[in-house]
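Here the structure comes first, spelled out in structure tokens, and everything after it is commentary.
Please treat every number below as a calculation from the coordinates, not as lab data. The structure displayed is predicted, hence computed values, not measured ones. Here Cβ is always computed from backbone atoms with ideal geometry, including for glycine, and neighbour counts include all displayed protein chains.
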Amino acid sequence: MSLLDIKNLKTYFHTRAGTTRAVDDVSFSIDKGEIVGVVGESGSGKSVTCHTLLGLLPQPPAKVEGGSVTFDGNDLLDLPSPLLRAIRGKRISMIFQDPMSCLNPYLTILDQVAEPILTHEDVTKDQAEGRAIEMMKKVGIRDAEKRARSYPHEFSGGMRQRAMIAMALVTNPDLILADEPTTALDVTVQARILRVLRDLRDDLGVGVIFVSHDLGVIAEVADRVVVMYKGKVVEQGSVESIFENPSHPYVKGLLACRPTFETKFRILPTVDDFLQTEEAPDGSLGLYERPDAEARLAELKRQIDTGGNPKESGQNESFLKVKDLRVHFTSGGGLLSKPHETVKAVDGVDLSISKGQTLGLVGESGCGKTTIGRAILRLVKLTAGSVVYDETNLADLPPSELLPYRKRMQIIFQDPYASLNPRLTIEQALIEPMKVHGLEPNRSARRDKVVELLEEVGLSVDHLLRYPHEFSGGQRQRLCVARSLAVEPEFLVCDECVSAMDVSVQAQVLNLLRELQEKRNLTYLFISHDLSVVKFMSDEIAVMRQGRIEEFGTATDIYENPQSDYTRELLDAVPRADF
Amino acid sequence: MLRFITYRLLQGIIVLIALYTITFFLIKAMPGDPFTGEKNIAEETKQLMREKYGLNESVFHQYFLYLKNVFTEGSLGISTSKAHSVNEMIGQSFPVSCILGLTALSFAIGLGVPIGVASAVRKNSWIDYSGMALAMVGICVPAFTVGPLLQIMLSMKIPLFNVAGWETPRDVILPAITLGLVTTAYIARLTRSGMLEILSQDYIRTAHAKGLPVSRVVCKHALRGGLLPAVAYIGPAFAALISGSFIVETIFQVPGMGQHFVNATKARDPFLLQGVVLFFGLLIVIMNLAADILTGFLNPRVRLDQE
């Protein structure tokens with residue numbers, strides 16, 4: 001008998017806007033000692049499935065419309081709440097995505113890790129705390145005795161996620177629901193956490209439902225894979241069969257649209273190249289393979305052969321030169337006290353980019369890559385060093401003379417939700433930079449320009465009067481691209497601009513950036529923590545660590561023949577789907 | 001911690017000096033002086049009086065003299081209208097206001113916090129709606145309506161309390177309710193919105209996933225964070241409550257401090273006015289500091305920033 005058996009589960013959200021079928025007839029099961037990977041894009045219903053199992057969804061608006069979840073002979077969906085509470089945190093525990101927001105900031109780590117024991121077992125506080133500290137050591141929290149009484153904000157992201165895992169494991173559960181447990185973490189930390197989960201499966205026979213949008217992670221950790229799309233399971237099977245020989249067009253598209261170290265495509269395939277969707281009148285969705293999918297893929301492959309790499313020929317004069325760049329931040333301090341400490345975010349960095357090329361900047365969180373991007377644009381104050389842009393040292397320019405350069409250099413931020421003003425229509429948002437720089441003579445000319453830009457990024461004139469909240473994440477990032485293009489820049493800083501996106505959307509935005517680069521001869525500084533994406537986009541790559549450049553070279557050199565240990569460690573930590 | 005308190009107290013002194021300066025020059029800008037009135041006083045007598053209170057000196061001399069007296073002797077001057085020392089007058093009336101204010105605040109917290117928590121936990125239920133309707137009434141209905149209503153209901157129709165006066169301990173109850181009603185309403189609303197925000201946080205879901213009963217989730221995981229907005233409000237609100245209310249004192253015949261604010265202004269009594277304003281400012285500074293310390297106690301993230 002399987003450990004947990006989900007049959008025909010249906011969870012709908014009923015709101016004023018209508019009914020959303022978040023989970024629509026999902027069935028799968030999990031055995032003891034098995035890791036089942038549930039993969040899908042945002043909105044595919046994978047998290048909602050997990051939350052439904054433990055009854056954690058706010059009802060209303062959520063409502064379980066049907067199905068059963070059998071665990072240990074009981075249907076979890078029908079269990080009265082005291083009995084369900086006895087299972088939650090004791091026999092089935094959950095690891096949540098964001099360790100920052102999922103730990104209570106007002107309570108100590110120890111308090112929170114020991115809490116499940118105190119809730120479910122009849123032990124003294126000391127015993128519970130002892131066991132909590134044991135478990136924290138086991139998941140790799142160093143100095144657990146000393147650090148246990150810290151508050152969550154005193155822990156780093158990786159440490160917090162480990163505390164979260166310790167909290168889930170401390171009662172020796174039979175089943176762990178891990179909802180994107182490593183998404184917020186750096187690759188090296190992620191690799192360690194995946195190891196912990198695999199050890200648990202092997203040593204204690206724990207079953208794990210591992211939810212992720214990252215196919216690489218799923219390939220590395222899971223025994224079986226369930227692929228979800230729009231609330232439905234589109235394919236399930238062993239990890240090899242899914243990755244080596246997918247049968248569903250959506251899965252094929254998902255696998256193809258993700259850049260890997262081996263990707264040779266110049267323009268990435270997208271899910272739309274494979275999949276056609278049709279909505280039936282009753283709201284259910286039909287998914288079909290495109291008849292011309294093979295032809296489309298062949299066309300993309302042909303472009304690699306003929307297109308080659310057109311930008312390599314003789315454009316080697318440096319366009320942007322950064323010399324000995326330093327940015328230090330001092331924290332604390334005030335009228336009567338000295339500054340507490342200096343953080344050397346960027347500490348002596350040299351870089352150069354040639355016109356029309358892309359320089360990739362990779363590194364783990366906190367390594368200073370974002371600060372470099374902002375320092376080049378003078379969005380932060382430089383402590384020392386020079387930024388020579390087209391033979392002018394921007395570091396010396398008084399703010400009044402910066403304006404013409406602001407027109408030439410633009411930035412696309414990571415979070416397209418936060419970087420568009422929710423109270424401006426798209427038209428207003430795109431016209432604003434033109435006004436600032438006095439481009440286009442009048443309102444109607446600007447408006448025409450906006451329409452042109454929207455079409456260039458794949459949106460249309462119908463979108464002009466809408467507000468940002470009416471767009472999806474991918475569309476918003478396109479808007480951000482359009483906004484930065486409004487002033488006709490030559491140089492773009494892309495700061496983690498696809499990190500928040502699903503792979504299928506990511507492919508579209510990457511393709512867009514590529515096309516624009518070729519059409520407008522743009523120069524990119526492409527900042528990302530994702531090594532595969534950087535490899536896909538860049539001609540040259542700089543690997544950063546703790547405010548310095550660890551290694552610098554052409555993209556192929558870095559990936560095929562890394563010189564520094566750190567680069568090698570980074571590359572090794574990237575989960576890959578190779579069997 | 002000690003450094004934080006010293007720093008804030010120094011800041012407070014600057015605030016108080018600024019407050020004094022503004023008050024002083026506003027009083028000087030008023031037409032007339034303490035001795036212009038309906039009564040016909042001989043010009044010579046007025047001149048003598050001005051000399052006695054040092055009001056014939058230059059404006060700047062007066063400004064610095066008062067400041068010097070405050071700092072060196074702690075003296076807030078002599079009231080020109082009552083011919084008593086301002087210190088003594090505050091000393092007599094403040095304890096009364098303080099007891100009244102404390103009772104009002106206890107009432108406000110004791111009633112406001114539970115209403116706020118219950119409304120947030122049972123959001124959009126009849127508890128929420130009636131709690132918030134009550135709070136709205138508390139904010140909207142002025143003290144000069146609530147006071148007499150209470151007097152009619154609880155003193156005249158059902159003779160539980162004295163209508164007015166300040167003799168027995170029971171006399172504090174009706175004015176305290178009248179005084180604390182607005183504060184209760186604000187605390188209830190702030191607690192509700194604070195709790196609602198915390199209850200929608202991811203870590204509350206984590207707490208549920210651990211299998212904790214709802215009461216534990218609310219009391220242990222949500223309450224500390226949920227109370228923060230209310231705590232920030234309670235500091236200055238407390239200062240306002242214990243410094244007296246002219247309206248409530250008049251309705252219930254309570255010899256508190258609130259009367260001085262109004263009487264001093266009416267009598268153009270510069271020293272009494274400056275004295276009570278400064279004293280009130282000092283209370284605000286101290287209560288804000290207390291609220292900040294309490295916030296630090298509740299919120300570990302703030303605690304770290306201060307050190």
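Numbers below:
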item: Filter on A:Lys323/A:Lys369; A:Lys407/A:Lys435; A:Lys146/A:Lys344; A:Lys355/A:Lys435; A:Lys355/A:Lys519 - keep pairs with C-alpha separation over 19 Å; result: A:Lys146/A:Lys344; A:Lys355/A:Lys435
item: Compactness of chain A - radius of gyration and Dmax, Cα, Å; result: 25.5, 77
item: Potential lengthening between A:Leu464 and A:Glu515 on full extension [0.36 nm per residue; Cα-Cα distance subtracted]; result: 16.1 nm
item: Proximal aspartates and glutamates relative to B:Lys123, as straight alpha-carbon distance under 19 Å, when same-chain residues fewer than 8 apart are discounted; result: B:Glu197, B:Asp202
item: Within a Gaussian network of chain B (alpha carbon springs, distance under 10 Å), most fluctuating of B:Asp171, B:Asp33, B:Asp202; result: B:Asp202
item: Whole-angstrom Cα spans of chain B along principal axes, big to small; result: 84, 57, 31
item: Distance (nanometres) between label positions extended 7 Å along Cα→Cβ at A:Glu294 and B:Ile22; result: 8.1 nm
item: The range B:245-307, relative contact order in percent, only Cα pairs under 8 angstrom and at least six apart counted; result: 17 percent
item: Residues B:His84 and A:Glu432, FRET efficiency given R0 of 45 Å [Cβ-Cβ distance, rounded to 0.05]; result: 0.10
item: Cα-projected label distance for A:Lys137 with B:Ala42, points at 7 Å along beta-carbon direction, nm; result: 9.6 nm
item: Efficiency of FRET from Cβ geometry, A:Asn561 and A:Thr277, R₀ 41 Å, rounded to 0.05; result: 0.40
item: Relative contact order for the range A:312-573, counting Cα pairs under 8 Å that sit 6 or more residues apart, in percent; result: 25 percent
item: Structure-based [θ]222 nm, chain B - -39500 (n - 2.57) summed over DSSP H runs of at least 4, per residue, nearest 500; result: -24000 deg cm²/dmol
item: Computed FRET value (nearest 0.05) for A:Lys63 with A:Val123, which takes r as the C-beta separation and R₀ as 30 Å; result: 0.20
item: Which of A:Phe329, A:Phe96, B:Phe24 has the fewest Cβ neighbours within 10 Å, and the rest in rising order; result: A:Phe329, B:Phe24, A:Phe96
item: Mean Cβ count within 10 Å, highest first, over the residues of peptides A:541-550, B:285-294; result: A:541-550, B:285-294
item: Helix-derived mean residue ellipticity, 222 nm - over chain A, DSSP H n ≥ 4, -39500 (n - 2.57), to 500; result: -10500 deg cm²/dmol
item: Counted charge near B:Met136, where neighbours are those whose Cβ lies closer than 14 Å (Asp, Glu -1; Lys, Arg +1); result: +1
